[in-house]
Amino acid sequence: MRRLAVALACAGASAAVAMASAASAVPQVGAASQASAVSPAGSPAPSASPPRAAAGGGGAVEAGPRAPYRPDDGTTILQQVPARHDPAVRNLSALRAALDADRRDLHAAAALARAYIDFGRQVGDAHYVGYAEAVIAPWMAAADPPVVAEVLQATILQFRHQFDDARALLVRALRRDPRDAQAWLTMATLDTAQGRYDAARKACAEVARNGGEVVGIACLASVRMSTGQAREASVMLRRIDADAAGTSGEYAAWIEGLAAEASERLGAWADAERHYRKALAAAPADNFLLVAYADFLLDRGRAREVGPLLAASWQSDTAFLRIVLAEAALGAPDAARDTFLMAARFAALQQRGSDYYGREQVRFALHLEHDPQAALALALQNWNVQRAPWDARVALEAAKAADRPGDVAGVLAFVAQTRLQDPVIEVLAAELRARLARTREARQ
């Protein structure tokens, strides 16, 4: 399920909550100015490709260690970092100064950790989640950590796909404070990402009870999108949309992003486009929804629009993959080089023990390395961890390409049981079921 963020006005302040896909962090209930957005960041660059620093041609990633890369001159760009005058960076600096003034201030630590998580989500950089973990580490080292620290740590673990550990922390936190709306929202996120929809509905009810009706409606609408009730979810979102007038751009972007997803579930492409564009206008820099819109464009055969959309986001692994997919679709000259770079990024993640880009690895293996057998193995491994609609889709795509419909019988059963609505998935599922039926008939 794509990331869901609610920004609502409460007692004169902006608040936000989120349900995240397993690849994104969960913003905090009651935190300020945390929102979804889809938009190009700044003016589109002529090319979305990164600087030609670390590539040595196309092809597969070489096996074994390679010599460290050394730039030829001092003008080579190795890394782009947020500017110090960026408002988000200034906010992080202020929050860090507040914590430095009193290292025992849990409130200051929690505020800084939340800001790191949100910024990392916005720019698509997992390093900031690590910074958040370091901030709350002293409290998590205690024999009885405070609830707020446990919920933040669970959010970090959810981001990393360490779902069992995240769930254990949330259960512990909710046992101590059953009215913690953020803990319930994060639990709903985990349940939805893993296809545990009955549990997610119950968690959403607790979100509504303890975090407010609007938050609860948003939570439940997201669950309904994945359980054959996308039209009902759209109605619920329109109800929330009526509250958006006069509120922040972040709130409007969140509503429009969710509405775009609901429209995609229904195959209402023009409506999805309209909602994405309204979200783009409302809030311009969220990596997750930038990527979601890029996927929409790729599905619609509009690969030429992906590069300009993600031109400022190439350092995000998820965004860079979409850039490379678009280049491959267009037969662009940089496609081979950037495929090499994407493979190197995955290799670096693997070296660090990071395993939370499962569906991206499937798409890379299938569409860029053209290895359906490897893609299917990765897809089934990913399916054991998370079961969002995109996880079902990549598994079915890989099975079709590998001509192994029997390997995804469990995925097909899940799609049927949950009544998942998605025009692409429905076509894939029908074709694979037909192949399975023909195989069974041939054996009789």
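Numbers for the structure displayed
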{"read-out": "Accessible area (Å², 1.4 Å probe, nearest 10) - VAL151", "value": "0"}
{"read-out": "Net length gained if the chain between ALA137 and ALA168 were fully extended (0.36 nm per residue, minus Cα distance)", "value": "9.4 nm"}
{"read-out": "Full-extension gain in nm, ASP177 to ASP355, via 0.36 nm per residue minus C-alpha separation", "value": "61.0 nm"}
{"read-out": "Solvent exposure ordering (accessible area, 1.4 Å, most first) of HIS127, HIS107, HIS367, HIS275", "value": "HIS107, HIS127, HIS367, HIS275"}
{"read-out": "Rounded Å value of the spacing that divides the Cα centres of region 358-407 and region 91-169", "value": "32"}
{"read-out": "Listed residues ASP299, ASP403 arranged by accessible area, highest first, probe 1.4 Å", "value": "ASP403, ASP299"}
{"read-out": "Dipole of region 126-277 [Lys/Arg +1, Asp/Glu -1 at C-beta], most positive-end residue of LEU237, ALA199, ALA188", "value": "ALA199"}
{"read-out": "Heavy atoms of ARG352: accessible area, 1.4 Å probe, square angstrom to 10", "value": "150"}
{"read-out": "Positive-end extreme of charge dipole, region 228-352 - chosen from GLN351, ALA312, ALA329 (charges on Cβ)", "value": "ALA329"}
{"read-out": "Electrostatic dipole magnitude of region 164-263 [Cβ: Lys, Arg +1; Asp, Glu -1; Cα centre; debye, to 20]", "value": "380"}
{"read-out": "Relative contact order of region 126-272, defined on C-alpha pairs under 8 angstrom at six or more residues apart (%)", "value": "12"}
{"read-out": "Area of GLU250 that stays accessible when all protein chains are in place (1.4 Å probe, Å², to 10)", "value": "60"}
{"read-out": "Within-12-Å neighbourhood charge of ALA281 [Cβ basis; K, R +1; D, E -1]", "value": "+2"}
{"read-out": "Probe 1.4 Å, protein heavy atoms only - accessible area per residue of region 308-384 in square angstrom", "value": "38"}
{"read-out": "Relative contact order (percent, whole number), region 217-335, Cα cutoff 8 Å, 6+ residue spacing", "value": "16"}
{"read-out": "Share of carbon and sulfur in the accessible heavy-atom surface of region 74-206 [1.4 Å probe, %]", "value": "54"}
{"read-out": "Per-pair calculated FRET efficiency, R0 = 51 Å: ARG96 and THR418 via Cβ, rounded to 0.05", "value": "0.70"}
{"read-out": "Net charge dipole size for region 269-364 [Lys, Arg +1 and Asp, Glu -1 on Cβ; Debye, nearest 20]", "value": "80"}
{"read-out": "Those trypsin sites (Lys or Arg not before Pro) in region 234-331 that DSSP places in a loop and that have at most 16 other beta carbons within 10 Å", "value": "ARG300, ARG302"}
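The values are calculated or read from the model by the stated rules, or taken from the named source; none is laboratory data. This structure is a prediction, so every number in the text was calculated from the model and none was measured. Cβ atoms come from the backbone with ideal geometry, glycine included; neighbour counts cover every protein chain shown. Just so you know, the surface numbers come from the protein's heavy atoms only, side chains and all, with ligands and any DNA or RNA stripped out. Shrake-Rupley method; radii C 1.70, N 1.55, O 1.52, S 1.80 Å.
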